[in-house]
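One structure below.
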Amino acid sequence: MSATKRLFFGLELPDQCKHEIIQWRAETFPAEAGHPVGADSLHLTLAFLGDISEAKQQALMQLAGRIQQPGFTLTLDDAGHWPRSGVVWLGPRQAPRGLLQLADLLRSQAARSGCFQSPLPFHPHVTLLRNAALSVSLPPRNFHWSLPVERFVLFHSQFERGRTRYQEIADWKLR
Ligand code: 2AM
C-alpha cells in the first residue's frame with residue numbers, strides 16, 4: 001500500500017495578524033476555556049481532503065493550479081463556540097464572495113476526486129481554542145482584523161511529538 005498524507009487546502013494568516021490574535025485571545029478567554037491553538041497553526045480551512053495518496057495529491061494540485069480568480073479582503077469580526085466539536089473560532093460576519101467561490105471550487109474538485117466532503121455548509125473559521133466543551137462566554141463583537149488574501153495553500157497536517165503541525169506543501173496566487 002502506498003503512503004498517504006493528511007492534507008487540506010486553506011489560507012495562511014499574516015504573521016502580524018496571528019500575533020495580534022493570540023494577544024487578544026489571551027486577554028479575552030480564561031485559561032480554562034480551552035486549549036489554545038499555537039500561533040503558527042492558526043489558519044482557515046477551505047477544503048479538507050483527508051488522508052490521500054500521492055497520485056490524488058498530484059491530480060488535485062493540477063486542478064488547483066488552473067484556478068483563476070482575483071484576491072479578496074477577509075475581515076475576521078465574529079467569534080463563536082461549537083460545543084460539540086469543542087471549538088472556539090474567529091470568522092467573518094459576512095464571508096466575501098471570493099472566499100466562498102474559492103472554497104466551493106476546491107471542495108467540488110475534492111469531492112469529484114473522491115475526497116469525502118461534509119454535507120454541512122462551509123462555515124469559514126479560524127480555530128482559536130480546542131477542547132472547549134464547557135460554556136464559553138464570548139466577547140462583544142468589537143474586534144476585527146482585515147487581511148488581504150492573495151494566495152491559497154496546500155497544507156500537510158502531521159501529528160508529531162504530541163502536537164499537530166501544519167506544513168505548507170504548495171501555494172497558488174490569486175489574480
Ligand atoms: P477545525 O479547525 O474546525 O477542527 C486541519 O485539521 C484542518 O481541517 C482544521 O482546520 C480542521 O477544522 C479541518 N478539518 C479536520 N477534519 C475535518 C473534516 N473531517 N471535515 C472538514 N474539516 C476538517
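The values are calculated or read from the model by the stated rules, or taken from the named source; none is laboratory data. Fair warning: this is a prediction, and the values are worked out from it, not measured in the lab. When we count neighbours, we look across all protein chains shown, and the Cβ atoms used for this are built from the backbone with ideal geometry, even at glycine. Ligands, DNA and RNA are excluded from the accessible area calculation, which covers all protein heavy atoms including side chains. Shrake-Rupley method; radii C 1.70, N 1.55, O 1.52, S 1.80 Å.
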(message) Which residue is farthest from GLN62 (Cα to Cα), if the candidates are limited to the range 83-108 and must be part of a helix (DSSP H, G or I) and within 15 Å of the ligand (Cβ to nearest atom)?
(response) LEU99
(request) Within the range 118-135, track down each residue that is small (Gly, Ala, Ser), within 16 Å of the ligand (Cβ to nearest atom) and over 14 Å from LEU46 (Cα atoms). (result) ALA132, ALA133
(request) Go through the residues of the range 47-56 one by one and say whether even a single one is open to solvent by 70 Å² or more (accessible area, probe 1.4 Å), within 14 Å of PHE9 (Cβ to Cβ) and within 12 Å of the ligand (Cβ to nearest atom). (result) yes
(request) Output the residues belonging to the range 13-37 that are open to solvent by 30 Å² or more (accessible area, probe 1.4 Å) and within 16 Å of the ligand (Cβ to nearest atom). (result) ILE22, HIS35, PRO36
(request) Give the range 115-135 a look and list any residue that's in contact with a helix residue (DSSP H, G or I) (Cβ under 7 Å, 6 or more places away or on another chain) and either part of a strand (DSSP E or B) or of a type in the set (Gly, Ala, Ser) (or both), or say none. (result) LEU128, LEU129, ALA132
(request) Scan the range 35-54 residue by residue and report those that are of a type in the set (Gly, Ala, Ser) and over 9 Å from the mean Cα position of the chain (by Cα). (result) GLY38, ALA39, SER41, GLY50, SER53
(request) Answer yes or no as to whether GLY10 is surrounded by fewer than 16 Cβ atoms within 10 Å (Cβ to Cβ), within 17 Å of the chain's Cα centre (by Cα) and of a type in the set (Gly, Ala, Ser). (result) no
(message) Restricting to the range 70-82, and then to whatever is under 28 Å from VAL136 (Cβ atoms) and surrounded by 15 or more Cβ atoms within 10 Å (Cβ to Cβ), can you tell me which residue is nearest to the ligand (Cβ to nearest atom)?
(response) HIS81
